[in-house]
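S.K.: If you scroll down you'll find the structure; I have some questions about it.
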Amino acid sequence: MKKLVFFAALAAMFSFVSCGNADELKVMSYNIRLEHKGDGDNAWPVRKEATIAMLEDVKPDVFGVQEALPHQVAYITEQAPNYKNVGVGRDDGVAKGEFMSIFWNVETMEMLEWGTYWLSETPDVPSYGWDAACRRTATWALMKDKRNGKHFYFVNTHLDHVGVEARKNGLQLVVDRIGAMNPEGYPMVLTGDFNMTPDDAALVDLDKQMTSTRTIAAKTDDLSTFNGWGDPEIPEHHMIDYIYVKGFKSVPEYATIVKQYAGKPFVSDHYPIISVLEY
């Protein structure tokens, strides 16, 4: 309980950059936590309104979600109509299983191209990779900022929670694809739940190509991104969710969204994270 009070007080101190500047872009990564009856008072039907309140407060231009089931994606689309999305179900490439959807604010962004691939040896078809417990995907989109005409790529993924080789090789596949998909040299954003902490050796190759916004932002924090519904056993700085970037001029802000919304203690068992980027 003390930790929750501390987080609530800390959240009140955050003053998010408004992104009123046409050369600034606000992005977010959000593991939404799939609907699970075992979550009790934290189950999706109880906290779904808090998710919408969070979006209305934070106002990301683009964000990636992890673990979203079709009805969760539909709820966000219905309740936040200024956002559109792309993505597929990871189990069949259509609508079955979790989505790694990318949402964008239609007032500020235009989506030009998109696709999804599987983190496996057969990335073009629904498949398990290496020692993964689940099928894992990455969704990408080429975006255009309506405010200034600038283009950037946005990639969103969720690495396996069990398979060590699946996390390592899956991330390497994402790194390789990021390197190959951008001959134009546009800025790049990668969001996701990596299920690994910053000291994991599997991040070495990614760190050579892109930079975690948490480490370079002018205003930042080092709060846990996984909360486990307030589990006191979670380490204080347990960071497993990331925003990586390449090609932006600067990163004015990174923040972990620990604020409470709609009277609910958590919007998910992960805290959303945001970054403000300058072109």
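S.K.: Inspect segment 225-232 for any residue being assigned to a strand (DSSP E or B) and either in contact with a strand residue (DSSP E or B) (Cβ under 7 Å, 6 or more places away or on another chain) or touching a residue at least 12 places away in the same chain (Cβ under 8 Å) (or both) and give the result as yes or no.
M.R.: For segment 225-232, residues assigned to a strand (DSSP E or B) and either in contact with a strand residue (DSSP E or B) (Cβ under 7 Å, 6 or more places away or on another chain) or touching a residue at least 12 places away in the same chain (Cβ under 8 Å) (or both): present.
S.K.: Exactly one of these conditions fails for residue 246: (1) within 18 Å of residue 214 (Cβ to Cβ); (2) buried (at least 22 other Cβ atoms within 10 Å of the Cβ); (3) in contact with a strand residue (DSSP E or B) (Cβ under 9 Å, 6 or more places away or on another chain). Give me its number.
M.R.: Looking at each condition in turn, residue 246 falls short on (2).
S.K.: Another question, then. Could you list all residues from segment 154-167 that are under 13 Å from residue 121 (Cα atoms) and surrounded by fewer than 20 Cβ atoms within 10 Å (Cβ to Cβ)?
M.R.: Within segment 154-167, 165 is the sole residue that qualifies.
S.K.: While we're on this one: Report the residue count in segment 53-75 for those that are without any contact (Cβ under 8 Å) to a residue 40 or more places away in the chain and farther than 19 Å from residue 243 by Cβ. Show your work before the answer.
M.R.: As a first pass, look at segment 53-75 and keep what is without any contact (Cβ under 8 Å) to a residue 40 or more places away in the chain: 55-56, 68-71, 73-75.
Add one more test, that the residue is farther than 19 Å from residue 243 by Cβ, and what stays is 56, 69-71, 73-75.
The total comes to 7.
S.K.: Suppose we filter segment 245-257 for residues that are under 14 Å from residue 274 (Cβ atoms), in a strand (DSSP E or B) and of a type outside the set (D, E, K, R); how many remain?
M.R.: Residues that pass the stated criteria total 6.
S.K.: Okay, moving on. Collect the residues in segment 173-202 that are loosely packed, with under 15 Cβ neighbours inside 10 Å and either in contact (Cβ under 8 Å) with a residue 24 or more places away in the chain or among the aliphatic types (A, V, I, L, M) (or both), keeping them in residue-number order.
M.R.: If the condition is that a residue be loosely packed, with under 15 Cβ neighbours inside 10 Å and either in contact (Cβ under 8 Å) with a residue 24 or more places away in the chain or among the aliphatic types (A, V, I, L, M) (or both), then 179, 180, 184, 185, 197, 201 are the ones that fit.
S.K.: Just one of 228, 149 is more than 18 Å from the chain's Cα centre (by Cα) and among the small types (Gly, Ala, Ser); which is it?
M.R.: 149
S.K.: Collect the residues in segment 168-204 that are among the charged types (D, E, K, R) and within 15 Å of residue 242 (Cα to Cα), keeping them in residue-number order.
M.R.: If the condition is that a residue be among the charged types (D, E, K, R) and within 15 Å of residue 242 (Cα to Cα), then 193, 199, 200 are the ones that fit.
S.K.: Take the residues in segment 122-141 that are of a type in the set (S, T, N, Q) and not in a loop (DSSP other than H, G, I, E, B), then tell me which one is surrounded by the fewest Cβ atoms within 10 Å (Cβ to Cβ).
M.R.: Filtering segment 122-141 for residues that are of a type in the set (S, T, N, Q) and not in a loop (DSSP other than H, G, I, E, B), the one surrounded by the fewest Cβ atoms within 10 Å (Cβ to Cβ) comes out as 139.
Computed from the coordinates by the stated procedures, all read-outs in this text should not be read as laboratory data. All values derive from a computational prediction rather than experimental measurement. In this analysis, Cβ positions are derived from the backbone assuming ideal geometry, glycine residues included, and neighbour counts consider all displayed protein chains.
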